[in-house]
Amino acid sequence: MRIAMMTNNYKPFIGGVPISIERLSEGLRAIGHEVVVFAPDYKGQEADENIVRYHSFIKGIVNGVSVPNSLDSKIEKEFREGNFDLIHVHHPMLIGRTALYLSRKYNVPLCFTYHTKYEQYLHYIKAPFLADLVPYYVNDYISQCDMVFAPTPSMRDYLSEIGSGTSLAVLPTGIGSESFEADGAEVESLRNELLGGKKYLFCTVARLAKEKNIDFLFRALAMRKNRQMDKSADMSDGSQDSDFRLAIVGEGPYRKELEKLAQKLNIREEIVFVGKVSNAQVKNYCKAADLFLFASRSETQGIVLLEAMAAATPVLAVNATGVRDVVINGRNGYMTYMSEEEYNSRLDSLLEQDMRYLKQGALETAGKYEMQEIAKSAAVYYNTAIQNHRQNPEKVRGIRRIIALADFGRLH
């Protein structure tokens, strides 16, 4: 089948949604389907015949993000000429409205993946008062789709709770076989470089943003260092030794605040801000670490957790939606509640035990998310969505249809 993937952001921008779309598209192509990604244009993008680049109002703002023009007439022109069997959109706003318009105008089934709990990102637009309205908007949008995907069972349950009557299915982000194949020499080099003479190397991969809760990790690690200082036999020389370093892979708007916090907590020497690295390199950083630390509570799946597990690195994370669908206590890592004391205590116990069983469990968990297997599931769901659409082609009626057409009359 021919599938139109539609998104508000894509490579070269690095983020969970672009990675998910790229992997799903590659997996679908590998099993014989045609996939074209409709994405905004960026500075420094590479040409790709499988990507339709539509106009961006602004390119290259914070961390390379583009502000897309989802009303660009090129979208409809390319879609009309592409003769697609199905639309799979990855955002309910902007391109999401365009996808809805195209679905109704050309009578093409519409699938949507709910990647993000949008209400947890409202601090960026200083509009926390919208938190109660977002679920209503999302519910209204997904009720107009033929099928909706959640990346985890807990997110499927959340969507069910907010009232959708649409078919819901779980479709995780897959991981490629290359994620299991770290470069041994590179891993050894990174470990030696990042350890800086310490005993343990921890790693986390995240966009440096407030909602990723990295400051929690800093407070927990500061507690560890303070306890080690208190146990020191001789503090007369002012020694402030510790036995660990944390490598933070990623970039973002919160970096300066995190650097200041690390300084304030007296762990600046223990924190290594690696910055942005290619997705192909992430596995090497994960493999080099003794543990993968994670504190985000805004994840719908936690792709980086699976990437760490594919590198056979156990995870210590804060219990949250998405995380609990991946981390199994005592099998591939552990979860704690939002308590620096509990997190630090679990970290201590993990480092004292033989982690070979956890490493094996991590690998086995990651193996269940291989990219082509996820793509096969997607193809089955797509066929179901096509059948659903044929059985109920006039799903959107009355005011919803009027709104959709009014919103996008300018696309004609």
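The values are calculated or read from the model by the stated rules, or taken from the named source; none is laboratory data. These numbers come from a predicted model, not from an experiment. Cβ: placed from backbone, ideal geometry, glycine included. Neighbour counts: every protein chain shown. Remember, those area values only see protein heavy atoms, side chains included, never the ligands or the DNA or RNA. Shrake-Rupley method; radii C 1.70, N 1.55, O 1.52, S 1.80 Å.
Just a few scattered comments:
- Some residue of segment 217-224 being closer than 25 Å to Gly361 by Cα, open to solvent by less than 70 Å² (accessible area, probe 1.4 Å) and in a loop (DSSP other than H, G, I, E, B): no
- Long-range neighbours under 6 Å by Cβ, at least six apart or interchain, first residue under 14 Å from Tyr101 (Cβ atoms) and surrounded by 13 or more Cβ atoms within 10 Å (Cβ to Cβ) within segment 72-84, second at pLDDT below 95 and of a type outside the set (D, E, K, R): Glu76/Leu411
- Tallying residues that are open to solvent by 30 Å² or more (accessible area, probe 1.4 Å) and either at pLDDT 95 or above or not in a helix (DSSP H, G or I) (or both) within segment 151-179 yields 6.
- Residue match in segment 364-384 (condition: more than 30 Å from Tyr141 (Cβ to Cβ), at pLDDT 95 or above and open to solvent by 70 Å² or more (accessible area, probe 1.4 Å)): yes
- Residue ID - least open to solvent (accessible area, probe 1.4 Å), chosen from residues in segment 189-216 that are part of a helix (DSSP H, G or I) and without any contact (Cβ under 8 Å) to a residue 40 or more places away in the chain: Ser189
- Residue in segment 240-294 that is nearest to Ser179 (Cα to Cα), counting only those that are in a strand (DSSP E or B), open to solvent by less than 10 Å² (accessible area, probe 1.4 Å) and not aliphatic (A, V, I, L, M): Phe292
- Total residues in segment 300-359, condition over 22 Å from Val187 (Cα atoms), open to solvent by 20 Å² or more (accessible area, probe 1.4 Å) and in contact (Cβ under 8 Å) with a residue 40 or more places away in the chain: 7
- Considering only residues in segment 7-61 that are among the basic types (Lys, Arg) and at pLDDT 95 or above, the one that is surrounded by the most Cβ atoms within 10 Å (Cβ to Cβ) turns out to be Arg53.
- Thr321 vs. criteria out of contact with any strand residue (DSSP E or B) (no Cβ under 8 Å at 6 or more places or on another chain), modelled with pLDDT under 90 and within 30 Å of Ala288 (Cα to Cα): yes
- Summed over segment 86-141, residues that are among the hydrophobic types (A, V, I, L, M, F, W, C), modelled with pLDDT under 75 and open to solvent by 30 Å² or more (accessible area, probe 1.4 Å) total 4.
- Conditions (1) closer than 30 Å to Gly252 by Cα; (2) in contact (Cβ under 8 Å) with a residue 60 or more places away in the chain: number failed by Phe57: (2)
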